Amino acid sequence: KAGVTQTPRYLIKTRGQQVTLSCSPISGHRSVSWYQQTPGQGLQFLFEYFSETQRNKGNFPGRFSGRQFSNSRSEMNVSTLELGDSALYLCASRYRPGQGAETQYFGPGTRLLVL
Amino acid sequence: QKEVEQNSGPLSVPEGAIASLNCTYSDRGSQSFFWYRQYSGKSPELIMFIYSNGDKEDGRFTAQLNKASQYVSLLIRDSQPSDSATYLCAVNSAGGTSYGKLTFGQGTILTVHP
């Protein structure tokens with residue numbers, strides 16, 4: 001069974017630009033969560049989507065947004081990029097929110113560098 | 001005070017020794033606890049989870065939970081150089097059956113030297 005896939009794997013942007021990252025969950029998984037990992041703040045929860053609806057949200061500014069499509073694929077968007085948005089963005093999927101987080105699998109991540 | 005705290009390390013142990021990793025959390029309502037291993041440049045990999053007070057063993061790994069003290073630990077027996085990684089403690093405050101918001105500690109860097 002294929003794992004969680006994220007595209008692109010690496011990305012370089014400049015301040016003020018916007019970026020869209022994509023995540024395809026494991027086949028059959030319908031819940032997708034996004035996390036940001038930086039050396040300073042560590043791994044932080046961004047949001048979770050299930051059935052095309054945002055179910056939970058972390059403490060990030062409105063520049064960070066996401067969506068989920070009917071095939072469970074998810075995208076996250078960051079507008080007006082700042083230097084501090086440079087990070088590894090991780091996507092994780094599980095079958096549904098009712099399952100424990102131990103059933104969640106992380107993708108390889110997208111490394112974003114903002115110059 | 002951070003919600004989940006870990007000693008950043010680095011923790012260095014000789015091969016074959018027991019590595020002990022510690023984590024404290026602030027939310028008394030936390031219900032499920034996780035240990036992830038993350039190699040440099042890779043994504044986190046779940047190695048243990050625990051829901052109830054006490055010990056839970058899986059191979060060379062033992063997770064220990066004490067909810068009264070708000071403390072969770074991970075013991076790695078017979079440490080190997082391949083165990084060298086960053087270990088992340090994570091907590092689900094809303095319970096294991098709720099939505100997927102995990103709160104992570106900063107991670108402890110473990111180095112196992114031959």
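The values are calculated or read from the model by the stated rules, or taken from the named source; none is laboratory data. Remember, predicted model here, so these are calculated numbers, not experimental data. So basically every Cβ, Gly included, is an ideal-geometry build from the backbone, and we count neighbours across all protein chains shown. Each accessible area value is taken on the protein alone, full model and side chains, heavy atoms only, with ligands, DNA and RNA left out. Shrake-Rupley method; radii C 1.70, N 1.55, O 1.52, S 1.80 Å.
Counting just the residues of region B:62-71 that are open to solvent by less than 30 Å² (accessible area, probe 1.4 Å) and either among the hydroxyl-bearing types (Ser, Thr, Tyr) or under 12 Å from the mean Cα position of the chain (by Cα) (or both), which one comes out farthest from the other protein chains (Cβ to nearest Cβ)?
The qualifying residue farthest from the other protein chains (Cβ to nearest Cβ) is B:THR62.
Please find, within region B:87-97, the residue that is modelled with the highest pLDDT out of those that are assigned to a loop (DSSP other than H, G, I, E, B) and either buried (at least 20 other Cβ atoms within 10 Å of the Cβ) or within 7 Å of another protein chain (Cβ to nearest Cβ) (or both).
B:GLY96
Which of the numbered conditions does A:PHE106 fail, given that it passes all the others? Conditions: (1) touching a Ser or Thr at 6+ places or on another chain (Cβ under 6 Å); (2) free of Cβ contacts under 8 Å to residues at least 60 places away in the same chain.
So A:PHE106 meets the others, but not (2).
Pairs under 6 Å by beta carbon, first residue at positive phi in region B:5-19, partner outside any loop (DSSP other than H, G, I, E, B), six or more apart or different chains?
Close Cβ pairs (under 6 Å, with a partner that is outside any loop (DSSP other than H, G, I, E, B)) amount to B:GLY9/B:THR108; B:GLY9/B:ILE109.
Across region A:71-90, what is the number of residues that are in contact (Cβ under 8 Å) with a residue 24 or more places away in the chain and under 16 Å from A:GLY28 (Cβ atoms)?
Residues in region A:71-90 being in contact (Cβ under 8 Å) with a residue 24 or more places away in the chain and under 16 Å from A:GLY28 (Cβ atoms): 3 in total.
Can you pull out the residues in region B:1-23 that are surrounded by fewer than 17 Cβ atoms within 10 Å (Cβ to Cβ), within 11 Å of the chain's Cα centre (by Cα) and under 14 Å from B:THR103 (Cα atoms)?
B:GLU5
For the subset of region A:26-45 comprising residues that are open to solvent by less than 20 Å² (accessible area, probe 1.4 Å) and out of contact with any Leu (no Cβ under 9 Å at 6 or more places or on another chain), which member is nearest to the other protein chains (Cβ to nearest Cβ)?
A:SER31
Restricting attention to region A:62-114, which residues are under 13 Å from A:GLN36 (Cα atoms) and of a type in the set (Phe, Trp, Tyr)?
A:PHE64, A:TYR89, A:PHE106
Exactly one condition in (1) of a type outside the set (D, E, K, R); (2) away from every other protein chain (no Cβ under 12 Å); (3) within 15 Å of the chain's Cα centre (by Cα); (4) surrounded by 14 or more Cβ atoms within 10 Å (Cβ to Cβ) is false for B:SER26; which is it?
The failed condition is (3).
So that you can scan it fast, the table gives a plain yes or no per residue for (1) open to solvent by 10 Å² or more (accessible area, probe 1.4 Å); (2) within 30 Å of A:LYS57 (Cβ to Cβ); (3) not in a strand (DSSP E or B):
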| residue | (1), (2), (3) |
| --- | --- |
| B:SER40 | yes, yes, yes |
| B:SER43 | yes, yes, yes |
| B:MET48 | no, yes, no |
| B:ASP55 | yes, no, no |
| B:SER73 | no, no, no |
| B:SER79 | no, no, yes |
| B:SER82 | yes, no, yes |
| B:GLN106 | yes, yes, yes |
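What's the total number of residues in region A:51-108 that are assigned to a strand (DSSP E or B) and open to solvent by 30 Å² or more (accessible area, probe 1.4 Å)?
Within region A:51-108, residues that are assigned to a strand (DSSP E or B) and open to solvent by 30 Å² or more (accessible area, probe 1.4 Å) number 10.
Does B:VAL112 qualify as being part of a strand (DSSP E or B), of a type in the set (A, V, I, L, M), modelled with pLDDT under 95 and touching an Asp or Glu at 6+ places or on another chain (Cβ under 9 Å)?
Taking the combined requirement at face value, the residue does not satisfy it.
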